[in-house]
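These notes concern the structure reproduced below.
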Amino acid sequence: MGKSTVISMAVVRRLPRYRRYLSELLENGVDRISSKELSERMNLTASQIRQDFNCFGDFGQQGYGYNVKELHNEIARIIGLNKSYKTVIVGAGNIGQAIANYSSFGKLGFNLVAIFDVNPKLIGLKFRDIDIRDVDDLDGFLEENKIDIGIICVPKAQAQRTADIFQDRGIKAIWNFAPIDLKTKEGVIIENVHLSDSLLTLSYRLNEAELFGNESE
Ligand code: NAI
């Protein structure tokens, strides 16, 4: 049903948010919505929404709006939520444990199958029924199990080594929480998550008025 054109990264970055809003609408029994209504809820312009949705199909109908279910399912399909993924976490500290304990990722189809750490005090413990294994067994585990996404939650100094093991064992997607730009092999995708970047952006915005507020005076 969707168009097979490549979607720009700017649109891709907005897709999860569209999916979230459309899921909420579905939960509330709303079966259609106009771009104007959606734009007011999402604080985007209606034309931006129409342009974005036009990238992947003809969902809108003049005078009818969008069929919420169709649009939701198509966006989920484009994001790849019609599949399921096997994931492993390396580093079972604060961040690794928080991710392991967050059950919603599983509901979206991201299934955590193993956690690895170097600390003997952690090895053998369980998170949501998943054992923390010795990181020395990572390579062998990846040789035997096809893993789609590797999650890096180790200190910065260990992150590249972890990424190398992932890549050497054929993992094509890495979710990286360590504050480092990882070197990747061709065809491997990295998505970095840096909470501190977001916090510093907030700090900038908090201080923006103080920095530039008087410029026009
Ligand atoms: P933590 O010290 O609580 O956990 C790190 C874990 O990695 C420990 O359990 C340690 O035993 C384990 N580890 C160390 N070397 C290892 C190796 N070679 N293989 C397997 N496990 C190993 O640290 P935290 O707070 O969980 O942070 C983890 C990473 O996430 C760090 O790189 C930190 O800088 C980063 N971080 C990222 C944030 C973000 O927004 N992306 C926010 C906070 C931390």
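Read-outs: derived from the displayed coordinates by stated rules, not from any lab. In this text the structure is predicted, and so the values were computed from the model without any measurement. All Cβ positions, glycine included, derive from the backbone under ideal geometry; neighbour counts span all protein chains shown.
Expressed in nm to one decimal, what extension gain is obtained for the pair LYS36 and LYS83 from 0.36 nm per residue of sequence separation less their Cα-Cα distance?
Gain in length upon complete extension: 13.8 nm.
Grab the beta carbon distance between THR45 and ARG205, set R0 = 25 Å, and tell me the FRET efficiency rounded to 0.05.
E(calc), rounded to 0.05, equals 0.75.
Hand me the chymotrypsin sites (Phe, Trp or Tyr not before Pro) from segment 69-109 located in a DSSP loop with no more than 15 other Cβ atoms within 10 Å, in residue order please.
Passing both the DSSP loop test and the Cβ count: TYR102.
Could you pull the Cα extents of segment 73-180 along its three principal axes, largest to smallest, in whole Å?
On the principal axes, segment 73-180 reaches 44, 29, 28 Å in Cα extent.
Hey, which aspartates and glutamates would be in cross-link range of LYS156, C-alpha to C-alpha under 20 Å, not counting anything within fewer than 8 residues on its own chain?
ASP117, ASP134, ASP136, ASP139, ASP164, ASP168, ASP181, GLU191, ASP197
Tell me the mean residue ellipticity at 222 nm calculated for the chain from its helices only (DSSP H runs of n ≥ 4, each -39500 (n - 2.57), averaged over every residue, nearest 500).
-13500 deg cm²/dmol
Nearest 20 debye, what's the magnitude of the dipole of segment 83-217 about its Cα centre given +1 on Lys and Arg Cβ and -1 on Asp and Glu Cβ?
So the magnitude is around 520 debye.
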